[in-house]
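The values are calculated or read from the model by the stated rules, or taken from the named source; none is laboratory data. These numbers were taken from a predicted model, which means no experiment stands behind them. Note that we place each Cβ from the backbone using ideal geometry, even for glycine, and neighbour counts take in every protein chain shown.
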């Protein structure tokens, strides 16, 4: 690379990475606070993290429409990145709100949790902002390594250990693919800048074999991160074993980050090869939706069920990717945001109902909830309907745009497979409602505790799920503006 | 009041909000608020009826932008015409009756039940008045949710199976319709249509091959809802398990969504495909009429019998609607109302005896007329109306349908369907005889009490309607005729001569001689 240091400094604009800076500083400060402020309760750390996240989100939002590249074009703060950053803030913010109660109950309320969540968020943000393969890779590693620790955070629980180790091994494996792919792409084009790769690829005319293989390997790497079939094998065990709030985070934030980098790489760097990769994505979307849904039908454990359903949801988003038009990509952005609300909302209810040692995690344990706690059951119902894609919820609008994108591009069959999958998924979401509303409790619920932070998370997620289903216009337009620049 | 339709549609939601603030122990207050809400909704709907001008236009229209993003623009576009008018009135009319019928039947979770009922009302009204395809879809789906809970929570033994079956069946159909709807929209955007308003799509020329697919997707969704043979299997389950109010609403209003869907959407949007599929749909309708009648005959459960009779009745409606002439469609529309009134009443009646005896098996009864004379009289009237005795509403509808079908290309179907009328008399009267006449030998039946005042009050409006619509159906027919003519004009294939060279129009060659009336330009 022919950049000298003086030039490099000229192009540095710290404002572009201000959200990341805020979060990193906050994370480090929290590590210190955790040591020097002796307190048994760690709840205040959650509020401090939330403050940091809100500040980062606000800073990011002020950059809307500015589109500032920095670090000689390896990072950019454009609308696309900002939209994703807001998704990450939502996901991480809701996660910190539901963490305290869970960690307290499971006896692993170490203060390091919150800095780790913030660091993983920084990683996600860099992935969304990165316009250079190296930046994206660094972001991905920062995100992943923090997540490996978070997945195994409940040291005393053997399943959590398994989850962390499994995630680490398979994650490292997939990173290998990604890195190899990036190396090949660099070899073929002589640059790691996404925009320059696009120029080089366009000049080649007929796609170069090395470039194609590189793109394919990159696709594999990202497919691991978004848990697309056939690279989904790690998901159920990791999701089931990880502490529930972390599962909530993993199924939303990193998935969105994966899509952010995936979209930017493929739509900016490899549009000339679209004919080659769009069929692959088509097949992957079908497999991901179908496999995720079919296996989810058989799950009794609610975390596992949500894990498989999360695979299916990645499949729906891939439908928009396969279409690769504005409707589809904007649809992915919108869907990832709504998915963060509805999925973490559902996990919040799982956290509330869980008992020590994760002993209360089966669908059967939801029996009779509607009598005992009608409000809790009602809001869970809202999240489940939204996940199932039934109006008037955000999940429906999201799916509508994704499937519309497919129809718009002439992929009618893809849309049909998508809606049939939605119909199948209704069954397992309804099953939870059947237990909540239509079956009597098998044993006494005992006292279900809903702490203030969780209440806040439930209300925010619930209001957003409903509001984005009834008046989605504004956010859809934002999403559309966000994808126009890339 | 310019937004009277919105007020009517969302008034029940206001009731729901009120209900949320009433503690669940005060059942009386909960019932009262629900009752008042439905009555208020009915009251609001009356000025719509009186203010309705008898012409083919959509009236009380409200049209404001709602969602605009990407390639789509959805509008909150509602309005009413002769086709939806009576269905809306039927809905607001049936709802207070449904609420009143739950007074003593539902003792558990009254609050949730009333919330479900009111949400359901908003969903149904919204679906009938939507003039925006997307908005229609939203309401169409929203209806499912409260009905699912009503069947699943307050239903009988097998309620969970029935509820899930109901939900998934309807969902599969409607999701395919959603894809068709999106496809249609993108076809429209190529022709310059910029939003989901139904009226724009009426003028859209879709090539016949595409029409076939789109029609199939719409028709499937509606056929499941109607339900048409062989997609009817969810209905007996849902009806048998649902609580009385659920069955009443399901039969009286929700099934009409399907037939309404054909008249409002599938037929005028895809005329060539309608023509192409008429024989198939008529065949299924006739099979439904005969098959459901035969199955009804052997039912041991009164409620299941009534459920199957619904399938047969709606077969008649479909036959009439697909005759595509004025008598047929008007007859079909009228029969929808008749079915709503008489089958709704039948389900209420079944509810009355179920509440007393906690059984619905025909063999558990016998000789009830001696013990319950008022009940017997009311039951008799409703049974005769369901059978289609002249002087009751059922006769007018069925007669018009058969005439319409006979005069159209469906002549032989009409001939076969007529036997269904006889079958209906057989199973209904036989059931009536076994339940009401004979020996009053079961000791449990000997202590049965006759209908109380509340129950009579529930039935009286329905009985009055049965006779009014039977003796003087003109006001009903008059108000719907212009809109029906408009639909027929749209649904019939325009002959080549009148088609301008704007878009390719393909005409089935055999259509023109069969329908001399279609030679007229398909204006309004």
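Details
- Yes/no for residue A:255 being touching a helix residue (DSSP H, G or I) at 6+ places or on another chain (Cβ under 9 Å), within 30 Å of residue A:117 (Cβ to Cβ), assigned to a helix (DSSP H, G or I) and more than 14 Å from every other protein chain (Cβ to nearest Cβ): yes
- Evaluating residue A:414 against the criteria (1) surrounded by fewer than 20 Cβ atoms within 10 Å (Cβ to Cβ); (2) over 20 Å from the mean Cα position of the chain (by Cα); (3) in contact (Cβ under 8 Å) with a residue 60 or more places away in the chain; (4) part of a helix (DSSP H, G or I) leaves one unmet condition, (1).
- Note on the range B:197-225: among residues that are more than 24 Å from the chain's Cα centre (by Cα) and not in a helix (DSSP H, G or I), the one that is farthest from the other protein chains (Cβ to nearest Cβ) is B:203.
- Meets criteria (modelled with pLDDT of 90 or more and within 19 Å of residue A:34 (Cα to Cα)) for residue A:126: no
- Test for residue A:385: is it touching a residue at least 12 places away in the same chain (Cβ under 8 Å) and within 8 Å of chain B (Cβ to nearest Cβ): yes
- Test: residue A:435 is at pLDDT 90 or above and either in a helix (DSSP H, G or I) or within 12 Å of chain B (Cβ to nearest Cβ) (or both): no
- Counted residues, the range B:93-109 - those being more than 18 Å from residue B:341 (Cα to Cα) and away from chain A (no Cβ under 13 Å): 5
- Helices (runs of 4 or more DSSP H) wholly inside the range B:302-419 that include at least 3 residues being surrounded by 24 or more Cβ atoms within 10 Å (Cβ to Cβ): B:302-321, B:326-357, B:373-387, B:393-407
- Filtering the range B:153-174 for residues that are at the interface with chain A (Cβ under 7 Å from one of its Cβ atoms), at pLDDT 85 or above and under 18 Å from residue A:404 (Cβ atoms) leaves an empty set.
- Against the criterion of being in contact (Cβ under 8 Å) with a residue 60 or more places away in the chain and within 14 Å of chain A (Cβ to nearest Cβ), residue B:90 does not qualify.
- Of the criteria (1) modelled with pLDDT of 85 or more; (2) farther than 18 Å from residue A:484 by Cα; (3) in contact with a strand residue (DSSP E or B) (Cβ under 7 Å, 6 or more places away or on another chain), which one residue A:73 fails: (1)
- When we screen B:359, B:363 for residues that are free of Cβ contacts under 8 Å to residues at least 40 places away in the same chain and farther than 21 Å from residue B:288 by Cβ, the only hit is B:359.
- On the stretch given as the range A:297-308, residues that are assigned to a helix (DSSP H, G or I) and either surrounded by fewer than 24 Cβ atoms within 10 Å (Cβ to Cβ) or out of contact with any helix residue (DSSP H, G or I) (no Cβ under 6 Å at 6 or more places or on another chain) (or both) total 4.
- Residues within the range B:49-68 that are touching a helix residue (DSSP H, G or I) at 6+ places or on another chain (Cβ under 6 Å) and assigned to a helix (DSSP H, G or I), tallied: 1
- Per the listing A:377, A:367, the residue uniquely surrounded by fewer than 24 Cβ atoms within 10 Å (Cβ to Cβ) and within 11 Å of another protein chain (Cβ to nearest Cβ) is A:377.
- Residue check for residue B:283: touching a residue at least 60 places away in the same chain (Cβ under 8 Å), buried (at least 21 other Cβ atoms within 10 Å of the Cβ) and not assigned by TED's automatic domain parsing to the domain that holds residue B:426: no
- Checking the range B:127-148 against the condition returns a match, with at least one residue being at pLDDT 90 or above, away from every other protein chain (no Cβ under 14 Å), buried (at least 23 other Cβ atoms within 10 Å of the Cβ) and closer than 27 Å to residue A:381 by Cα.
- The listed residues are A:407, A:426, and the only one of them that is within 11 Å of another protein chain (Cβ to nearest Cβ), over 20 Å from residue B:141 (Cα atoms) and either surrounded by 17 or more Cβ atoms within 10 Å (Cβ to Cβ) or free of Cβ contacts under 8 Å to residues at least 12 places away in the same chain (or both) turns out to be A:407.
For (1) under 30 Å from residue A:269 (Cα atoms); (2) surrounded by fewer than 24 Cβ atoms within 10 Å (Cβ to Cβ); (3) over 15 Å from the mean Cα position of the chain (by Cα), each residue gets a yes or a no:
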| site | (1), (2), (3) |
| --- | --- |
| A:65 | yes, yes, yes |
| A:81 | yes, no, no |
| A:126 | yes, no, no |
| A:129 | yes, no, yes |
| A:143 | yes, no, no |
| A:147 | yes, no, no |
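- The set of residues from the range B:351-383 being under 24 Å from residue B:257 (Cβ atoms) and either in the same structural domain as residue B:93 (by TED's automatic domain parsing) or modelled with pLDDT under 90 (or both) comprises just one member, B:351.
- When residues in the range A:457-486 are screened for being more than 14 Å from chain B (Cβ to nearest Cβ) and surrounded by fewer than 16 Cβ atoms within 10 Å (Cβ to Cβ), 3 of them pass.
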